[in-house]
Amino acid sequence: MARMIEGQWEGDWRPTDGDGDGAFLRKPSAFRDRIPLERPRAGRYHLIVAWTCPWAHRTLLARALKGLSDLVPVHFANALTDRSWRFEDRAMAPHGEQHLYELYLRADPDYTGRVTVPVLWDEQEQRIVNNESSEILAMLDALPSDAPSLRPADLVEEIDAWSERLYGPLNNGVYRAGFATTQAAYDEAVVGVFATLDRVEAHLEGRRWLVGDQLTEADIRLFVTTFRFDAAYVPLFRCNLRRVADYPNIQAHLERMYAVPGVAETCDLDAMRRGYASIRAINPTGIVPIGPRPLVGAAR
Ligand SMILES: N[C@@H](CCC(=O)N[C@@H](CS)C(=O)NCC(=O)O)C(=O)O
């Protein structure tokens with residue numbers, strides 16, 4: 001539960017709406033509009049994200065790598081509560097909101113669905129343009145910028161093929177393992193997680209990037225999961241057959257990504273670790289595990 005039905009809250013926060021038979025089902029995002037391709041006025045579009053969230057991290061990385069930080073202000077929500085993401089510091093919210101749902105209601109007073117990050121907010125029209133990270137990433141990438149494209153035309157097909165390979169079993173697979181409420185659902189998910197990591201490890205042999213010889217959206221999609229893996233998914237989502245640190249090529253890719261200018265600023269390892277540990281459905285005491293210590297971002 002914990003979704004809005006026609007603008008009203010229903011239930012307390014749980015990972016799913018209870019219709020997955022022990023398996024975690026991710027719902028389609030609700031707002032799916034586009035922005036024009038020309039350069040917008042600075043401050044027209046805002047991003048709302050959370051350090052914990054890998055889907056939000058995709059959009060934060062696109063904003064950083066495309067040099068859009070001055071154009072697109074960002075707001076960080078801190079904690080996931082029974083009433084959606086909370087802004088610890090109201091000044092951080094677009095209009096001093098305490099919770100993200102208030103922004104959803106400003107966009108649609110009858111909103112029905114889950115209240116998620118990331119959000120691309122249009123300050124001029126006071127509306128949510130889009131809350132689907134893959135579409136926000138592609139929109140930010142398409143804006144005029146001196147930085148190289150994250151989806152170069154000649155690589156798009158291969159990028160999309162890797163996105164597909166990574167999404168179900170790995171990016172979302174860790175959630176299906178972590179939020180499973182039956183052994184069978186967990187077993188199925190966790191096998192897919194490690195089969196995919198094995199496949200990526202083999203593919204990265206002798207390569208710097210997943211597709212072609214440049215950083216693309218495919219690397220972003222891999223990184224947002226590998227960055228969280230050892231610190232959060234191993235201890236809290238029980239994805240503990242191996243660590244990313246046990247995969248030399250994936251670990252090298254993780255470090256290569258982290259060293260790209262602008263990337264480290266999109267990562268707050270401790271905030272992320274605390275965020276996952278605060279999910280009571282998987283960690284009732286809220287205790288933050290000490291390890292494993294990942295090899296990047298540990299100082300942040
Ligand atoms: N399809 C969405 C998924 C976003 C999503 O599930 N975000 C999570 C945080 S990692 C969230 O806000 N969950 C709150 C909830 O489900 O109530 C996307 O990729 O943008």
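The values are calculated or read from the model by the stated rules, or taken from the named source; none is laboratory data. None of the values given here were measured: they were computed from a predicted structure. We place every Cβ from the backbone using ideal geometry, glycine too, and count neighbours over all the protein chains shown.
Every test in (1) part of a helix (DSSP H, G or I); (2) more than 22 Å from the chain's Cα centre (by Cα); (3) not acidic (Asp, Glu) is passed by Leu137 save one, and that test is (2).
Which residues, counting only those in segment 95-121, are assigned to a strand (DSSP E or B) and more than 12 Å from the ligand (Cβ to nearest atom)? Listed by number, the list holds a single entry, Trp121.
Evaluating Thr59 against the criteria (1) within 16 Å of the ligand (Cβ to nearest atom); (2) free of Cβ contacts under 8 Å to residues at least 24 places away in the same chain leaves one unmet condition, (2). For segment 72-94, the set of residues classified as buried (at least 21 other Cβ atoms within 10 Å of the Cβ) and within 11 Å of the ligand (Cβ to nearest atom) consists of Ala77, Leu80, Ser84, Trp85, listed by residue number.
On inspection, Pro54 qualifies as within 10 Å of the ligand (Cβ to nearest atom), crowded, with 17+ Cβ neighbours inside 10 Å and within 14 Å of Ile136 (Cβ to Cβ). Scanning segment 122-148 for residues that are within 16 Å of the ligand (Cβ to nearest atom) and within 13 Å of His46 (Cβ to Cβ) yields Ile128, Val129, Asn130, Asn131, Ile136, Leu140.
Remark: pairs (first residue in segment 133-148, closer than 13 Å to Arg63 by Cβ; second residue of a type in the set (A, V, I, L, M) and within 12 Å of the ligand (Cβ to nearest atom); Cβ separation under 7 Å; 6+ apart in sequence or on different chains) = Ser133/Ala56; Ile136/Leu120. For segment 85-123, a residue qualifies if it is among the polar types (S, T, N, Q) and modelled with pLDDT of 95 or more, and the qualifying residues are Gln98, Thr116. Just one of (1) within 20 Å of the chain's Cα centre (by Cα); (2) modelled with pLDDT of 90 or more; (3) crowded, with 17+ Cβ neighbours inside 10 Å fails for Met4. It is (1).
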